[in-house]
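What follows is calculated from the coordinates using simple rules that are stated; it is not laboratory data. Remember, it's a predicted structure, so these values are computed and weren't measured experimentally. In this analysis, Cβ positions are derived from the backbone assuming ideal geometry, glycine residues included, and neighbour counts consider all displayed protein chains.
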Amino acid sequence: MKAEDLLLISVGGAAAKIARQIALKSRRDLSQPPMRILILDTDDAVLQTLTHAEGVSATIFGTQRLSGRGTGGDHILGVGAFRDDAAILMQQIGAPRLVVVLTCCGGGTSGACEPLLRALRDRGIANIVFATEPFAFEGDARKKTASIIAPILSETANAVTTVPLAAFMPKGSEQWTAEQSFDYVADRLSAGVSLLWTLLVHPGYIQFDVEHFRQMLEREVGGALTFAFADAEATGERRAETIVETLSSSPRFRLRGVDSLANASQVIVGVLAGDDLRLSELNTLMSGLQKVINKQAEVVLGTVNQAVFNGKMEVVVLAFTQQGLEIAPSGDALQPVRRRAGKGAKAKALTAVKDRFDDVERTIIDGVNYDEPTYLRRKIRLKR
Ligand SMILES: Nc1nc2c(ncn2[C@@H]2O[C@H](COP(=O)(O)OP(=O)(O)OP(=O)(O)O)[C@@H](O)[C@H]2O)c(=O)[nH]1
Ligand SMILES: [Mg+2]
């Protein structure tokens, strides 16, 4: 794996701050190459506040249109700003194998994600998007902008998570200040992105690499994968058990009434630990998690062992579900989740997918026909 194979791109002011935090976190382990990070914003004042971090470059875009200011919450301006400078931005991005996009929806600059993701797709660059939705207290305008951008991300990305900021907050955080809350959110996003990164660049005992991940992202037909993620860390004798308990009960896997672990088609479990990690702990972790993960899901384990993490165990789980095919458990019967577009539209989308691939070569890998929708392959009954 070459360092230039992976790139993290942040879009907008809040994401810029989080990206910088991720850069610092990724440098805890100095034996790995610095994470290549490109911070994109239209607001010069935000970029000026970012102090230098290794591997990080910051680029302003849309200056002709916005004179170095924010969009004032207008996502259309965000789209236009990116398009104005698309050629130069894409040159800066280069040709990585995988791009992780980070954006906090609510402002207008995240509108730039649409042309960015389309340009990545046109160049065959695989991508995974981490996006947040605003707190309720931020008001209707931000909520509305986020509700416009979120579905666009789902249409244009290979994989996407859109997490309401409130869903990151732990019990007892009601009295926290906005700054404390934003810091906590940044930590959680940073944990998710950094551990995924570490797994991808670091050969551990059990390897999980960029090409493997690309295959997973690209082989699904019929829309982006959606994913949910959560992290946990623990120390001491029972650290594996503690992590299983924290992750299995995490509300982050139960967003919008969907149990993402029970409905997952693919799950990545990333373990970051010291040289003291015991096989029995991995066993406890995996058997504990498998109790709550869909039995038919493909589960990939990646471990990274570094002496600097001795005594500690950190685990991040990313649970992927093919979009539009999520099913929420309800007693014994499997019920389709109500999607925005409604029942009829979903059935139509499935037909469209089938037709779209009629004229192309079949994708058969290890005897599995990946042109067939997941719900058919996995014999999941959808109640229509
Ligand atoms: N985690 C975190 N989120 C923030 C912070 N500040 C704002 N947000 C969230 O990010 C959303 C988008 O805000 P910004 O990133 O500032 O907006 P922008 O994308 O730069 O867009 P414009 O400034 O309107 O052009 C807000 O609605 C908040 O939900 C922060 O410091 N940390
Ligand atoms: Mg801004």
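Quick check: net charge around residue 123, other residues with Cβ under 15 Å of its Cβ, Lys/Arg +1 and Asp/Glu -1?
Net local charge, residue 123 excluded: 0.
Specify whether the C-alpha gyration tensor of segment 3-201 places it in the rounded, prolate or oblate class, a ≥ b ≥ c being the square roots of the eigenvalues: rounded for a/c under 1.5, otherwise prolate if a/b is larger than b/c and oblate if not.
It is rounded, given that a/c, with a ≥ b ≥ c, falls under 1.5.
With a sphere of radius 14 Å drawn around the Cβ of residue 316, what net charge do the other residues whose Cβ falls strictly inside it have (Lys, Arg +1; Asp, Glu -1)?
Computed value for this residue: 0.
Would you mind getting me the FRET efficiency between residue 88 and residue 238? Use the beta-carbon distance for r and R0 = 56 Å, nearest 0.05.
Calculated transfer efficiency: 0.60.
Quick check on segment 140-196: take the gyration tensor over C-alpha atoms, sort the square-rooted eigenvalues as a ≥ b ≥ c, and tell me if it's rounded (a/c under 1.5), prolate or oblate.
Values: a/c = 2.88, a/b = 1.35, b/c = 2.14.
Note, shape of segment 140-196 comes out oblate.
What is the sum of charges around residue 232, taking Lys and Arg as +1, Asp and Glu as -1, for the other residues whose C-beta is under 10 Å from the C-beta of residue 232?
On the way: positive: 239; negative: 231, 233, 245, 314.
With Lys, Arg at +1 and Asp, Glu at -1, the net is -3.
In whole angstrom, how far apart do the alpha carbon centroids of segment 34-61 and segment 70-95 sit?
Taking the Cα centre of each part, segment 34-61 and segment 70-95 sit 14 Å apart.
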